[in-house]
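Everything on this sheet refers to the single structure shown next.
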Amino acid sequence: MLRCNIKQNLSMYIVAIGWLYVALMMAVAEATNSTGSVLGAIVTFLLYGVGPVALVIYLMRSPGRRQARKAREVAEWQAEQAAASAQPDAGGEPAADAVAPVRKES
């Protein structure tokens, strides 16, 4: 499973790098065109390259972030359980008396 996950991540990054290369070439074509401008090239690279790639990578990595968060929560819960079982009265409540006190009548 781990090997498959690494291949999926690698292919995701290869596609992202390819898309950024295409967007960069579009920006270069925009900048070198006789009617193009450098500002237009920057906007082209940001809107066609960086923005969509950042969004796709963020969305593709969300299951991994979710798994990491759940693993961290499970580890914290297990640590709390281990700490609670080590000390019998670590619940924070005072110990109850075994016998209720008896009042003297006056």
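Taken together, the values in this text are just the output of simple stated rules run on the coordinates, not laboratory data. Because the structure is predicted, anything quoted here is derived from the model rather than measured. With ideal geometry, Cβ positions are generated from the backbone for all residues, glycine too; neighbour counts draw on all protein chains shown.
Relative protection proxy for 20-26, 70-76, 40-46, from highest mean packing down: 40-46, 20-26, 70-76 (other beta-carbon atoms within 10 angstrom). Note on Leu47 and Leu10: with the Förster distance fixed at 35 Å, the Cβ-Cβ geometry gives a FRET efficiency of about 0.85.
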